[in-house]
Amino acid sequence: MPGFQRALARMFSSVAAPAVVMSFVAINGAHAADAGDVAEGMRLFMQKGNCQACHGWAGDGRKTDNQMPDGANLRETKLDRANFVMIVKCGLPGTSMPPFDRFAYSDGRCFGKKEADLKAQGIKLADPPATLQPREVELLADFAFAKIVGKGALDRAKCAEYWGGPTEVCNEFK
Ligand code: HEC
């Protein structure tokens, strides 16, 4: 079961989880990100959000920090944009994926749960390296869906394109 469903099943009875998942799936219209937004999203992925520490700079799950938990391979995620955004904001309670919305579990905006509810259920929340504004999460999604999600494993050419030109880190690829 993907982490998303597992986290929901932990918070709700497994019978209710599919219904909850459906209610969070927003309409996912075509969304063309502009290059500036993608570049800004990439910076957030590498720096402020430090997603790369757990998910790898390529988002392929090869984390850049050995001390960090193993993040999911985002190149292979089946999530659509709306659920991607929700997971970044709300995290996956009970796993090492932290919530990045500062108010995530303060007012029920995430799965209708507050911090006290999760505590009462014995479900732990990971601490985010930083909190992100809703707009920053959208930029991250612009970047992820332009450069990572569904893009397959990197080779040297794709790596160069990813970094906007040939880069030393690409030498490991054929
Ligand atoms: C401290 C480590 C850590 C950091 C930092 C982190 N993640 Fe995660 N993330 C995880 C782990 C671990 C999972 C998998 C949880 C599970 O399924 O058990 C995950 C899962 C996800 C998923 C769900 C993937 C799927 O297919 O179910 C998304 C999307 C995601 N992370 C995006 C991000 C983004 C974007 C950032 C940066 C803003 C980020 N993560 C930062 C550890 C991290």
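The values are calculated or read from the model by the stated rules, or taken from the named source; none is laboratory data. Quick caveat: nothing in here was measured; it's all calculated off a predicted structure. Backbone-built Cβ (ideal geometry, glycine too); neighbour counts: all protein chains shown.
Would you pick out the residues in segment 120-150 that are out of contact with any Lys or Arg (no Cβ under 8 Å at 6 or more places or on another chain) and assigned to a helix (DSSP H, G or I)?
Passing the criteria: 120, 135, 138, 139, 140, 142, 143, 144, 146, 147.
Condition check: in the same structural domain as residue 38 (by TED's automatic domain parsing) and within 16 Å of the ligand (Cβ to nearest atom). Does residue 166 satisfy that? Give the derivation first.
Values: in the same structural domain as residue 38 (by TED's automatic domain parsing): yes; within 16 Å of the ligand (Cβ to nearest atom): no.
In short, no.
Please find, within segment 71-97, the residue that is surrounded by the most Cβ atoms within 10 Å (Cβ to Cβ) out of those that are more than 6 Å from the ligand (Cβ to nearest atom) and assigned to a loop (DSSP other than H, G, I, E, B).
So, considering only residues that are more than 6 Å from the ligand (Cβ to nearest atom) and assigned to a loop (DSSP other than H, G, I, E, B), the one surrounded by the most Cβ atoms within 10 Å (Cβ to Cβ) is 93.
Just the residues that are over 17 Å from residue 154 (Cβ atoms), part of a helix (DSSP H, G or I) and more than 8 Å from the ligand (Cβ to nearest atom), please, taken from segment 38-70.
39, 40, 41, 43
Mind checking which residues of segment 98-156 are away from the ligand (no atom under 11 Å from the Cβ), of a type in the set (Phe, Trp, Tyr) and without any contact (Cβ under 8 Å) to a residue 60 or more places away in the chain?
Selection gives 103, 105.
Listed residues 107, 117, 155, 142; which is modelled with pLDDT of 95 or more, exposed (fewer than 13 other Cβ atoms within 10 Å of the Cβ) and among the acidic types (Asp, Glu)?
Values: 117 fails: exposed (fewer than 13 other Cβ atoms within 10 Å of the Cβ); 155 fails: modelled with pLDDT of 95 or more; 142 fails: exposed (fewer than 13 other Cβ atoms within 10 Å of the Cβ).
On inspection, the qualifying residue turns out to be 107.
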